[in-house]
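Report on one structure; see the data block that follows.
The values are calculated or read from the model by the stated rules, or taken from the named source; none is laboratory data. Quantities reported herein were computed from a predicted structural model and do not represent experimental measurements. With ideal geometry, Cβ positions are generated from the backbone for all residues, glycine too; neighbour counts draw on all protein chains shown. When the accessible area is computed, the model is the full protein with side chains, heavy atoms only, and any ligands, DNA or RNA have been set aside. Shrake-Rupley method; radii C 1.70, N 1.55, O 1.52, S 1.80 Å.
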Amino acid sequence: MDISGSILIDKWVAIILTVFYASLVIAAVVVVLRENRNPIRALSWVIALVFLPGIGLIFYIFFGRSLRGLHLLTRHNKRKIMHKHSPRRVNINNLQLLPDHRSLIKLSHSLCHSPFTVNNEIEIFTSGEEKFRRFKEDLRNAKKSILLQYYIFQDDEIGREVADILIERAQAGVLVKVMYDHVGSFSAHNKFFRRMQKAGVATHPFFRVNFPQLANRLNWRNHRKIAIIDGETGYIGGMNIADRYIKGLGKGKIWRDTHFRIKGDVVESLIYSFAIDWNFLKKEPYVPEVKPAASNIVNDCGVQLLTGGPTERWNNLALCFLRLIASAKRTILIQTPYFLPTDALFNALQAAALAKVDVRIMIPDHPDSKLLRYASFSYITQCLKAGIKVYLYEPGMLHSKVMIVDDTFVTSGSTNFDFRSFENNFEGNLLIYDEAINRKMRDIYFDDLRQCRKLNIDKWRRRPVGQRILESMFRLVSPIL
(Lines give C-alpha, C1' and ligand atoms only; values in the text may rest on other atoms or scores of the structure.)
Protein backbone atom coordinates (compact mmCIF):
# COMPACT_ATOMS: atom_id res chain seq x y z
CA MET A 1 0.00 0.00 0.00
CA ASP A 2 1.36 3.44 -0.94
CA ILE A 3 1.86 6.28 1.52
CA SER A 4 -1.24 8.19 0.36
CA GLY A 5 -3.43 5.13 0.97
CA SER A 6 -2.01 4.66 4.47
CA ILE A 7 -2.65 8.34 5.27
CA LEU A 8 -6.24 8.01 4.03
CA ILE A 9 -6.85 4.99 6.29
CA ASP A 10 -5.35 6.83 9.26
CA LYS A 11 -7.67 9.78 8.61
CA TRP A 12 -10.73 7.52 8.47
CA VAL A 13 -9.67 5.78 11.70
CA ALA A 14 -9.22 9.17 13.35
CA ILE A 15 -12.63 10.33 12.11
CA ILE A 16 -14.34 7.13 13.34
CA LEU A 17 -12.68 7.37 16.76
CA THR A 18 -13.57 11.06 17.04
CA VAL A 19 -17.21 10.40 16.13
CA PHE A 20 -17.32 7.46 18.57
CA TYR A 21 -15.89 9.54 21.41
CA ALA A 22 -18.16 12.49 20.60
CA SER A 23 -21.15 10.13 20.65
CA LEU A 24 -20.15 8.85 24.09
CA VAL A 25 -19.74 12.40 25.41
CA ILE A 26 -23.10 13.49 23.96
CA ALA A 27 -24.77 10.40 25.44
CA ALA A 28 -23.23 11.12 28.86
CA VAL A 29 -24.32 14.79 28.69
CA VAL A 30 -27.86 13.70 27.81
CA VAL A 31 -27.90 11.32 30.80
CA VAL A 32 -26.66 14.08 33.13
CA LEU A 33 -29.35 16.47 31.89
CA ARG A 34 -32.14 13.87 32.06
CA GLU A 35 -31.30 13.07 35.71
CA ASN A 36 -32.36 16.64 36.67
CA ARG A 37 -29.57 16.96 39.21
CA ASN A 38 -28.44 20.00 41.11
CA PRO A 39 -27.79 22.51 38.26
CA ILE A 40 -24.31 23.44 39.51
CA ARG A 41 -23.17 19.82 39.72
CA ALA A 42 -24.79 18.98 36.40
CA LEU A 43 -23.07 21.95 34.74
CA SER A 44 -19.75 20.89 36.28
CA TRP A 45 -20.04 17.44 34.73
CA VAL A 46 -21.07 18.86 31.35
CA ILE A 47 -18.04 21.18 31.35
CA ALA A 48 -15.74 18.32 32.36
CA LEU A 49 -17.12 16.06 29.64
CA VAL A 50 -16.84 18.68 26.90
CA PHE A 51 -13.57 20.42 27.79
CA LEU A 52 -11.53 17.58 29.30
CA PRO A 53 -11.33 15.01 26.51
CA GLY A 54 -10.81 11.50 27.79
CA ILE A 55 -10.25 12.47 31.43
CA GLY A 56 -13.71 13.99 31.82
CA LEU A 57 -15.40 10.88 30.41
CA ILE A 58 -13.35 8.53 32.61
CA PHE A 59 -14.16 10.55 35.72
CA TYR A 60 -17.84 10.59 34.82
CA ILE A 61 -17.96 6.81 34.27
CA PHE A 62 -16.40 6.16 37.68
CA PHE A 63 -17.76 9.02 39.80
CA GLY A 64 -20.50 10.86 37.95
CA ARG A 65 -23.31 8.42 37.40
CA SER A 66 -26.30 8.12 39.70
CA LEU A 67 -27.91 4.95 41.05
CA ARG A 68 -30.87 6.87 42.45
CA GLY A 69 -34.06 4.81 42.18
CA LEU A 70 -32.29 1.65 40.97
CA HIS A 71 -33.95 -1.43 42.50
CA LEU A 72 -31.31 -3.80 43.84
CA LEU A 73 -34.04 -6.06 45.19
CA THR A 74 -37.24 -7.25 43.57
CA ARG A 75 -40.39 -6.04 45.27
CA HIS A 76 -41.33 -9.67 45.85
CA ASN A 77 -38.15 -10.39 47.82
CA LYS A 78 -38.39 -7.12 49.74
CA ARG A 79 -41.96 -7.97 50.79
CA LYS A 80 -40.74 -11.37 51.99
CA ILE A 81 -38.02 -9.77 54.08
CA MET A 82 -40.42 -7.18 55.47
CA HIS A 83 -42.94 -9.87 56.37
CA LYS A 84 -40.26 -11.92 58.12
CA HIS A 85 -38.35 -9.15 59.85
CA SER A 86 -40.63 -6.12 60.00
CA PRO A 87 -39.84 -4.53 63.39
CA ARG A 88 -42.54 -4.10 66.01
CA ARG A 89 -44.49 -0.90 65.48
CA VAL A 90 -45.56 1.65 68.05
CA ASN A 91 -48.57 3.85 67.48
CA ILE A 92 -47.02 7.28 67.92
CA ASN A 93 -50.49 8.82 68.20
CA ASN A 94 -50.70 7.28 71.66
CA LEU A 95 -47.36 8.75 72.78
CA GLN A 96 -46.52 12.16 74.17
CA LEU A 97 -43.95 13.43 71.68
CA LEU A 98 -42.63 16.84 70.73
CA PRO A 99 -44.21 18.06 67.46
CA ASP A 100 -40.80 18.22 65.77
CA HIS A 101 -40.03 14.66 66.84
CA ARG A 102 -43.37 13.42 65.59
CA SER A 103 -42.66 15.04 62.21
CA LEU A 104 -39.17 13.51 62.00
CA ILE A 105 -40.49 10.07 62.94
CA LYS A 106 -43.02 10.23 60.12
CA LEU A 107 -40.39 11.48 57.65
CA SER A 108 -37.96 8.67 58.53
CA HIS A 109 -40.68 6.07 58.19
CA SER A 110 -41.73 7.44 54.80
CA LEU A 111 -38.15 7.40 53.54
CA CYS A 112 -36.98 3.94 54.64
CA HIS A 113 -39.94 2.23 56.38
CA SER A 114 -38.17 2.65 59.70
CA PRO A 115 -40.58 2.20 62.60
CA PHE A 116 -40.32 4.18 65.82
CA THR A 117 -39.46 1.89 68.72
CA VAL A 118 -39.41 2.25 72.50
CA ASN A 119 -38.10 -0.15 75.18
CA ASN A 120 -34.43 0.29 74.32
CA GLU A 121 -31.18 0.43 76.29
CA ILE A 122 -28.10 2.16 74.84
CA GLU A 123 -24.50 1.91 76.02
CA ILE A 124 -22.10 4.53 74.63
CA PHE A 125 -18.45 3.82 73.75
CA THR A 126 -15.96 6.57 72.98
CA SER A 127 -12.81 4.44 72.69
CA GLY A 128 -12.05 1.35 70.69
CA GLU A 129 -10.52 -0.40 73.68
CA GLU A 130 -13.74 -0.39 75.72
CA LYS A 131 -15.93 -1.11 72.69
CA PHE A 132 -13.95 -4.12 71.51
CA ARG A 133 -13.61 -5.53 75.02
CA ARG A 134 -17.39 -5.64 75.33
CA PHE A 135 -17.85 -6.69 71.69
CA LYS A 136 -15.53 -9.69 72.01
CA GLU A 137 -17.28 -10.71 75.21
CA ASP A 138 -20.66 -10.69 73.44
CA LEU A 139 -19.25 -12.64 70.49
CA ARG A 140 -17.79 -15.32 72.75
CA ASN A 141 -21.15 -15.68 74.52
CA ALA A 142 -23.16 -16.03 71.28
CA LYS A 143 -25.39 -19.11 71.36
CA LYS A 144 -27.46 -18.86 68.16
CA SER A 145 -26.28 -16.29 65.63
CA ILE A 146 -23.77 -13.56 64.79
CA LEU A 147 -24.40 -11.10 61.95
CA LEU A 148 -21.58 -8.65 61.16
CA GLN A 149 -21.46 -5.88 58.58
CA TYR A 150 -18.37 -3.66 58.50
CA TYR A 151 -16.88 -1.26 55.99
CA ILE A 152 -13.39 -2.30 57.12
CA PHE A 153 -12.52 -5.74 58.46
CA GLN A 154 -8.74 -5.54 58.71
CA ASP A 155 -6.28 -8.42 58.76
CA ASP A 156 -4.42 -7.13 61.82
CA GLU A 157 -4.26 -7.96 65.51
CA ILE A 158 -7.87 -7.10 66.43
CA GLY A 159 -9.15 -8.40 63.07
CA ARG A 160 -7.51 -11.78 63.59
CA GLU A 161 -8.73 -11.91 67.18
CA VAL A 162 -12.33 -11.30 66.07
CA ALA A 163 -11.90 -13.80 63.22
CA ASP A 164 -10.70 -16.45 65.68
CA ILE A 165 -13.78 -15.92 67.84
CA LEU A 166 -16.08 -16.15 64.80
CA ILE A 167 -14.39 -19.38 63.71
CA GLU A 168 -14.71 -20.89 67.18
CA ARG A 169 -18.39 -19.96 67.39
CA ALA A 170 -19.14 -21.27 63.90
CA GLN A 171 -17.48 -24.59 64.74
CA ALA A 172 -19.63 -24.71 67.88
CA GLY A 173 -22.76 -24.57 65.70
CA VAL A 174 -23.52 -20.84 65.87
CA LEU A 175 -24.78 -19.28 62.62
CA VAL A 176 -22.17 -16.66 61.57
CA LYS A 177 -22.58 -14.32 58.59
CA VAL A 178 -20.09 -11.56 57.73
CA MET A 179 -20.42 -8.78 55.16
CA TYR A 180 -17.47 -6.51 54.46
CA ASP A 181 -16.98 -3.77 51.91
CA HIS A 182 -14.62 -4.91 49.18
CA VAL A 183 -12.84 -1.56 48.77
CA GLY A 184 -12.84 -0.72 52.49
CA SER A 185 -11.31 -4.11 53.32
CA PHE A 186 -9.10 -4.27 50.24
CA SER A 187 -5.87 -4.52 52.23
CA ALA A 188 -7.03 -7.75 53.91
CA HIS A 189 -5.84 -10.74 51.90
CA ASN A 190 -8.33 -13.20 50.45
CA LYS A 191 -6.84 -15.98 52.58
CA PHE A 192 -7.95 -14.04 55.67
CA PHE A 193 -11.60 -14.44 54.66
CA ARG A 194 -11.11 -17.90 53.13
CA ARG A 195 -9.87 -19.15 56.51
CA MET A 196 -13.18 -18.10 58.06
CA GLN A 197 -15.16 -19.61 55.19
CA LYS A 198 -13.46 -22.99 55.58
CA ALA A 199 -14.48 -22.99 59.25
CA GLY A 200 -18.14 -22.39 58.42
CA VAL A 201 -18.33 -18.58 58.56
CA ALA A 202 -20.32 -17.20 55.62
CA THR A 203 -18.25 -14.21 54.42
CA HIS A 204 -19.12 -12.05 51.42
CA PRO A 205 -17.77 -8.76 50.04
CA PHE A 206 -20.20 -5.97 49.24
CA PHE A 207 -19.91 -4.59 45.66
CA ARG A 208 -16.82 -6.60 44.73
CA VAL A 209 -14.74 -4.43 42.39
CA ASN A 210 -13.50 -6.41 39.40
CA PHE A 211 -13.82 -6.41 35.65
CA PRO A 212 -16.17 -5.80 33.92
CA GLN A 213 -18.09 -4.23 36.87
CA LEU A 214 -15.24 -1.91 37.89
CA ALA A 215 -16.92 1.31 36.77
CA ASN A 216 -20.31 0.18 38.11
CA ARG A 217 -19.10 -0.48 41.66
CA LEU A 218 -16.03 1.56 42.55
CA ASN A 219 -17.79 4.72 43.70
CA TRP A 220 -20.59 3.20 45.80
CA ARG A 221 -19.47 1.74 49.09
CA ASN A 222 -21.24 0.09 52.03
CA HIS A 223 -20.03 2.22 54.92
CA ARG A 224 -22.27 0.66 57.61
CA LYS A 225 -20.86 -0.79 60.83
CA ILE A 226 -23.53 -3.08 62.27
CA ALA A 227 -23.46 -6.22 64.41
CA ILE A 228 -26.33 -8.32 65.78
CA ILE A 229 -25.69 -11.12 68.27
CA ASP A 230 -28.32 -13.76 69.07
CA GLY A 231 -30.98 -11.38 67.75
CA GLU A 232 -30.91 -9.41 71.00
CA THR A 233 -27.71 -7.33 71.18
CA GLY A 234 -26.77 -4.84 68.49
CA TYR A 235 -23.79 -2.62 67.74
CA ILE A 236 -23.77 0.41 65.45
CA GLY A 237 -21.53 3.45 65.10
CA GLY A 238 -18.31 4.69 63.53
CA MET A 239 -15.78 2.03 64.55
CA ASN A 240 -14.54 -0.50 62.02
CA ILE A 241 -12.59 -3.65 62.89
CA ALA A 242 -9.00 -2.37 62.75
CA ASP A 243 -6.13 -1.80 65.19
CA ARG A 244 -6.11 1.98 64.79
CA TYR A 245 -9.45 2.21 66.61
CA ILE A 246 -7.68 0.80 69.69
CA LYS A 247 -4.03 1.80 69.31
CA GLY A 248 -4.48 5.16 67.62
CA LEU A 249 -2.17 6.57 64.97
CA GLY A 250 1.13 6.35 66.81
CA LYS A 251 3.26 9.25 68.13
CA GLY A 252 0.73 9.75 70.90
CA LYS A 253 -2.13 10.53 68.49
CA ILE A 254 -5.39 8.87 69.54
CA TRP A 255 -8.32 7.73 67.40
CA ARG A 256 -11.50 9.21 68.90
CA ASP A 257 -14.79 7.60 67.83
CA THR A 258 -18.35 6.88 68.96
CA HIS A 259 -20.15 3.52 68.93
CA PHE A 260 -23.34 2.18 70.53
CA ARG A 261 -24.28 -1.15 72.09
CA ILE A 262 -28.06 -1.49 72.01
CA LYS A 263 -30.65 -3.89 73.37
CA GLY A 264 -34.39 -3.72 72.92
CA ASP A 265 -36.95 -3.38 70.17
CA VAL A 266 -34.75 -1.43 67.71
CA VAL A 267 -32.45 -4.46 67.31
CA GLU A 268 -35.09 -5.94 65.00
CA SER A 269 -34.54 -2.97 62.67
CA LEU A 270 -30.85 -3.90 62.51
CA ILE A 271 -31.78 -7.47 61.54
CA TYR A 272 -34.08 -6.14 58.82
CA SER A 273 -31.34 -3.86 57.45
CA PHE A 274 -28.82 -6.72 57.44
CA ALA A 275 -31.31 -9.01 55.71
CA ILE A 276 -31.87 -6.46 52.92
CA ASP A 277 -28.14 -6.16 52.24
CA TRP A 278 -27.58 -9.91 52.53
CA ASN A 279 -30.36 -10.51 50.03
CA PHE A 280 -28.61 -8.21 47.58
CA LEU A 281 -25.37 -10.18 47.95
CA LYS A 282 -26.70 -13.73 48.00
CA LYS A 283 -30.13 -13.35 46.38
CA GLU A 284 -31.73 -15.10 49.36
CA PRO A 285 -35.29 -13.98 50.13
CA TYR A 286 -34.50 -13.43 53.82
CA VAL A 287 -32.33 -14.61 56.71
CA PRO A 288 -34.72 -17.19 58.15
CA GLU A 289 -32.38 -18.51 60.82
CA VAL A 290 -32.21 -15.27 62.84
CA LYS A 291 -35.18 -14.46 65.05
CA PRO A 292 -35.43 -11.32 67.17
CA ALA A 293 -35.13 -12.22 70.82
CA ALA A 294 -37.95 -11.35 73.20
CA SER A 295 -37.01 -8.33 75.27
CA ASN A 296 -37.97 -7.62 78.88
CA ILE A 297 -36.88 -3.97 78.61
CA VAL A 298 -39.68 -1.52 79.36
CA ASN A 299 -38.94 2.20 79.09
CA ASP A 300 -39.59 5.29 76.97
CA CYS A 301 -36.24 5.38 75.14
CA GLY A 302 -37.36 6.10 71.58
CA VAL A 303 -35.08 4.99 68.73
CA GLN A 304 -35.30 4.64 64.95
CA LEU A 305 -32.76 3.17 62.55
CA LEU A 306 -32.27 5.47 59.58
CA THR A 307 -30.60 3.93 56.53
CA GLY A 308 -29.73 5.50 53.22
CA GLY A 309 -27.82 4.78 50.07
CA PRO A 310 -27.32 5.72 46.42
CA THR A 311 -30.14 3.42 45.25
CA GLU A 312 -32.85 4.99 47.42
CA ARG A 313 -35.50 7.07 45.71
CA TRP A 314 -34.85 9.95 48.12
CA ASN A 315 -31.70 11.28 49.74
CA ASN A 316 -32.77 9.84 53.10
CA LEU A 317 -30.01 11.02 55.38
CA ALA A 318 -29.69 14.53 53.96
CA LEU A 319 -33.46 15.09 54.16
CA CYS A 320 -33.61 13.99 57.80
CA PHE A 321 -30.57 16.08 58.69
CA LEU A 322 -32.22 19.09 57.04
CA ARG A 323 -35.39 18.50 59.04
CA LEU A 324 -33.37 18.23 62.23
CA ILE A 325 -31.39 21.41 61.66
CA ALA A 326 -34.54 23.34 60.79
CA SER A 327 -36.21 22.12 64.00
CA ALA A 328 -33.41 23.30 66.33
CA LYS A 329 -34.44 25.93 68.85
CA ARG A 330 -31.32 26.30 71.00
CA THR A 331 -28.32 24.17 70.04
CA ILE A 332 -26.82 22.10 67.22
CA LEU A 333 -23.64 20.24 68.18
CA ILE A 334 -21.83 18.39 65.37
CA GLN A 335 -18.82 16.10 65.37
CA THR A 336 -17.58 14.85 62.02
CA PRO A 337 -14.21 13.77 60.60
CA TYR A 338 -14.94 15.51 57.28
CA PHE A 339 -17.10 18.60 56.85
CA LEU A 340 -18.17 18.73 53.18
CA PRO A 341 -21.86 19.63 53.36
CA THR A 342 -24.30 19.89 50.49
CA ASP A 343 -25.39 23.43 49.67
CA ALA A 344 -28.79 22.84 51.27
CA LEU A 345 -27.32 21.57 54.55
CA PHE A 346 -24.71 24.32 54.66
CA ASN A 347 -27.36 26.98 54.10
CA ALA A 348 -29.53 25.40 56.80
CA LEU A 349 -26.67 25.53 59.32
CA GLN A 350 -25.93 29.17 58.43
CA ALA A 351 -29.62 30.06 58.73
CA ALA A 352 -29.78 28.41 62.16
CA ALA A 353 -26.72 30.28 63.39
CA LEU A 354 -28.01 33.60 62.03
CA ALA A 355 -31.27 32.88 63.88
CA LYS A 356 -29.16 32.74 67.08
CA VAL A 357 -29.15 28.97 67.48
CA ASP A 358 -25.87 27.91 69.10
CA VAL A 359 -24.27 25.94 66.24
CA ARG A 360 -20.95 24.25 66.94
CA ILE A 361 -18.91 22.09 64.56
CA MET A 362 -15.99 19.96 65.74
CA ILE A 363 -13.60 18.51 63.16
CA PRO A 364 -10.08 17.05 63.49
CA ASP A 365 -7.13 19.42 63.18
CA HIS A 366 -5.24 16.70 61.31
CA PRO A 367 -7.59 14.13 59.73
CA ASP A 368 -6.38 10.98 58.01
CA SER A 369 -6.57 12.67 54.59
CA LYS A 370 -4.85 15.94 53.66
CA LEU A 371 -7.14 16.35 50.65
CA LEU A 372 -10.23 16.15 52.86
CA ARG A 373 -8.59 18.42 55.42
CA TYR A 374 -8.16 21.24 52.92
CA ALA A 375 -11.62 20.64 51.41
CA SER A 376 -13.21 20.78 54.89
CA PHE A 377 -11.26 23.91 55.81
CA SER A 378 -12.64 25.69 52.73
CA TYR A 379 -16.01 26.02 54.50
CA ILE A 380 -14.68 27.52 57.72
CA THR A 381 -14.63 31.20 56.71
CA GLN A 382 -18.31 31.14 55.74
CA CYS A 383 -19.12 29.28 58.95
CA LEU A 384 -17.41 31.88 61.13
CA LYS A 385 -19.04 34.77 59.27
CA ALA A 386 -22.49 33.28 59.99
CA GLY A 387 -21.70 32.84 63.67
CA ILE A 388 -21.07 29.08 63.59
CA LYS A 389 -18.43 28.14 66.16
CA VAL A 390 -15.72 25.88 64.71
CA TYR A 391 -13.38 23.76 66.83
CA LEU A 392 -10.33 21.76 65.74
CA TYR A 393 -9.77 18.56 67.75
CA GLU A 394 -6.06 18.31 68.55
CA PRO A 395 -5.28 14.99 70.37
CA GLY A 396 -5.56 12.92 67.18
CA MET A 397 -8.08 11.72 64.61
CA LEU A 398 -11.68 12.62 65.43
CA HIS A 399 -13.73 9.97 63.60
CA SER A 400 -16.94 10.42 65.62
CA LYS A 401 -20.12 11.17 63.62
CA VAL A 402 -22.61 12.85 65.94
CA MET A 403 -25.31 15.51 65.79
CA ILE A 404 -27.02 16.65 69.01
CA VAL A 405 -30.05 18.90 68.68
CA ASP A 406 -31.41 20.82 71.68
CA ASP A 407 -31.94 18.72 74.85
CA THR A 408 -33.87 15.77 73.50
CA PHE A 409 -32.33 14.37 70.32
CA VAL A 410 -29.14 12.65 69.13
CA THR A 411 -28.17 10.96 65.89
CA SER A 412 -24.98 8.97 65.41
CA GLY A 413 -23.77 6.09 63.30
CA SER A 414 -21.66 5.73 60.17
CA THR A 415 -22.69 8.96 58.41
CA ASN A 416 -20.07 11.66 57.91
CA PHE A 417 -21.23 15.21 57.26
CA ASP A 418 -20.09 15.04 53.65
CA PHE A 419 -21.21 14.46 50.07
CA ARG A 420 -20.04 10.86 49.97
CA SER A 421 -22.08 9.78 52.98
CA PHE A 422 -25.18 11.65 51.85
CA GLU A 423 -25.09 10.61 48.19
CA ASN A 424 -22.71 7.71 47.41
CA ASN A 425 -22.44 5.44 50.45
CA PHE A 426 -24.79 2.97 52.08
CA GLU A 427 -25.04 4.33 55.63
CA GLY A 428 -26.85 3.64 58.90
CA ASN A 429 -27.60 5.97 61.83
CA LEU A 430 -29.62 5.74 65.01
CA LEU A 431 -32.15 8.51 65.62
CA ILE A 432 -32.42 8.71 69.41
CA TYR A 433 -35.31 10.62 71.01
CA ASP A 434 -34.26 10.54 74.66
CA GLU A 435 -33.22 13.20 77.17
CA ALA A 436 -30.96 10.91 79.23
CA ILE A 437 -28.92 9.84 76.20
CA ASN A 438 -28.84 13.47 75.07
CA ARG A 439 -27.32 14.52 78.41
CA LYS A 440 -24.66 11.82 78.23
CA MET A 441 -23.76 12.74 74.65
CA ARG A 442 -23.64 16.46 75.48
CA ASP A 443 -21.29 15.75 78.40
CA ILE A 444 -19.03 13.75 76.05
CA TYR A 445 -19.13 16.53 73.45
CA PHE A 446 -18.16 19.27 75.90
CA ASP A 447 -15.44 17.07 77.37
CA ASP A 448 -14.01 16.74 73.83
CA LEU A 449 -14.39 20.50 73.43
CA ARG A 450 -11.79 21.03 76.17
CA GLN A 451 -9.24 19.34 73.90
CA CYS A 452 -10.02 21.56 70.92
CA ARG A 453 -8.75 24.84 69.53
CA LYS A 454 -11.55 27.33 68.85
CA LEU A 455 -11.08 29.26 65.62
CA ASN A 456 -11.14 33.04 65.52
CA ILE A 457 -12.21 34.69 62.27
CA ASP A 458 -9.50 37.37 62.40
CA LYS A 459 -6.71 34.83 62.92
CA TRP A 460 -8.25 32.46 60.40
CA ARG A 461 -8.17 35.15 57.71
CA ARG A 462 -4.41 35.43 58.22
CA ARG A 463 -3.70 31.79 57.34
CA PRO A 464 -1.07 31.24 54.59
CA VAL A 465 -1.99 32.05 50.99
CA GLY A 466 -0.79 28.61 49.87
CA GLN A 467 -3.28 26.96 52.21
CA ARG A 468 -6.10 29.12 50.84
CA ILE A 469 -5.24 28.08 47.28
CA LEU A 470 -5.26 24.39 48.24
CA GLU A 471 -8.60 24.84 50.02
CA SER A 472 -10.17 26.42 46.94
CA MET A 473 -8.77 23.73 44.64
CA PHE A 474 -10.02 20.81 46.72
CA ARG A 475 -13.37 22.54 47.32
CA LEU A 476 -14.02 22.21 43.57
CA VAL A 477 -13.72 18.41 43.67
CA SER A 478 -15.26 17.95 47.13
CA PRO A 479 -18.38 16.18 45.77
CA ILE A 480 -16.26 13.20 44.68
CA LEU A 481 -13.74 13.12 47.55
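Some values worked out for this structure:
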{"read-out": "Residue in region 309-320 that is surrounded by fewer than 15 Cβ atoms within 10 Å (Cβ to Cβ) and assigned to a loop (DSSP other than H, G, I, E, B) present", "value": "yes"}
{"read-out": "Residue check for Glu161: assigned to a strand (DSSP E or B), open to solvent by 50 Å² or more (accessible area, probe 1.4 Å) and at pLDDT 95 or above", "value": "no"}
{"read-out": "Elements of type strands (runs of 3 or more DSSP E) contained in region 376-471, each with 2 or more residues being touching a strand residue (DSSP E or B) at 6+ places or on another chain (Cβ under 9 Å), surrounded by 16 or more Cβ atoms within 10 Å (Cβ to Cβ) and at pLDDT 95 or above", "value": "389-393, 396-398, 402-405, 409-413, 427-433"}
{"read-out": "Those residues of region 344-364 which are more than 13 Å from Asp406 (Cα to Cα) and either of a type in the set (S, T, N, Q) or in a strand (DSSP E or B) (or both), in sequence order", "value": "Asn347, Gln350, Ile361, Met362, Ile363, Pro364"}
{"read-out": "Filtered residues of region 136-164 (kept if touching a helix residue (DSSP H, G or I) at 6+ places or on another chain (Cβ under 8 Å) and closer than 23 Å to Ser273 by Cα)", "value": "Lys136, Leu139, Ala142, Ile146, Leu147, Leu148, Gln149, Phe153, Val162, Ala163"}
{"read-out": "Of residues in region 340-362 being open to solvent by 30 Å² or more (accessible area, probe 1.4 Å) and in contact with a strand residue (DSSP E or B) (Cβ under 9 Å, 6 or more places away or on another chain), the one nearest to Cys383 (Cα to Cα)", "value": "Gln350"}
{"read-out": "Test for Leu481: is it at pLDDT 95 or above, of a type outside the set (D, E, K, R) and either exposed (fewer than 14 other Cβ atoms within 10 Å of the Cβ) or out of contact with any Cys (no Cβ under 7 Å at 6 or more places or on another chain) (or both)", "value": "no"}
